[in-house]
1. With just the Cα atoms defining each centre, how far is region 34-62 from region 105-128? Give it in Å.
2. Apply the Karplus parameterisation 6.51 cos²θ - 1.76 cosθ + 1.60, with θ equal to phi minus 60°, to every residue of region 49-58 and state each ³J(HN,Hα) to the nearest whole Hz, in sequence, with x for glycine and proline.
3. Between Ser82 and Asp32, what is the label-point separation in nm under the 7 Å Cα-to-beta-carbon projection?
4. Between helix 126-137 and the chain, what is the angle of the helix's C-alpha long axis to the longest principal axis, kept within 0 to 90° and rounded to the nearest 10?
5. Give me the percent of the accessible area of the chain that comes from carbon and sulfur atoms, probe 1.4 Å, all protein chains in place.
6. With a 1.4 Å probe and every protein chain left in place, tell me how much accessible area Tyr112 has, in Å² to the nearest 10.
7. Using the heavy atoms of the protein chains alone and a 1.4 angstrom probe, what is the accessible area of the chain per residue in square angstrom?
8. In degrees between 0 and 90, to the nearest 10, how far off the longest principal axis of the chain does helix 11-33 point, with axes built from Cα atoms?
Amino acid sequence: MTPTTPPSSPAPRRRENTHARLVEASFGVFVDKGLKRVTVDDLVGAAGYTRGAFYSNFSSIEEVFFEVFRDRGESMLAAASSAVDAVPEEDFTIESIGSVLDAVRAQGREWYILHAEFTLLALRDERAREVLADFSSR
């Protein structure tokens with residue numbers, strides 16, 4: 001008789017999905033309400049989860065806010081980088097800079113609101129200052 005390997009548990013996958021869905025749904029909530037007016041109930045309501053799901057993935061609203069900023073910031077940087085990479089170096093002109101700006105603008109008004117909200121937090125919070133400085137340098 002040979003030992004069998006138990007099937008991998010779907011729990012880690014479900015937890016990853018829950019985590020990602022909470023982050024995704026939280027973006028709109030932070031844009032609409034701002035960091036200081038958001039409650040855990042707002043975030044779980046937007047994602048369709050319970051408070052238990054929230055606390056099994058995050059320890060605070062600020063932790064989600066940081067992750068939302070990082071996630072959306074990475075998307076914005078990727079869009080800008082793609083637009084820059086699409087322009088051959090010898091063709092880089094003032095017009096091609098417009099295409100780069102269009103790519104960033106496509107991230108939407110919501111990105112700018114989130115960035116402004118994060119900047120306000122960075123004025124008071126050292127950790128947020130470090131994250132914002134890292135993002136800005138990239």
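1. The distance from the Cα centre of region 34-62 to that of region 105-128 comes to 19 Å.
2. 10, 9, 4, x, 4, 4, 6, 7, 10, 9
3. 2.7
4. Taking the Cα atoms of the chain, the angle to 126-137 is about 50 degrees.
5. 55
6. Per-residue accessible area (Tyr112): approximately 110 Å².
7. 64
8. Compared with the principal axis, the helix lies near 50 degrees.
The values are calculated or read from the model by the stated rules, or taken from the named source; none is laboratory data. Quantities reported herein were computed from a predicted structural model and do not represent experimental measurements. Positions of Cβ are generated from backbone atoms using ideal geometry, with glycine treated the same way; all protein chains shown enter the neighbour counts. Surface accessibility is based on the protein's heavy atoms, side chains included, excluding ligands, DNA and RNA. Shrake-Rupley method; radii C 1.70, N 1.55, O 1.52, S 1.80 Å.
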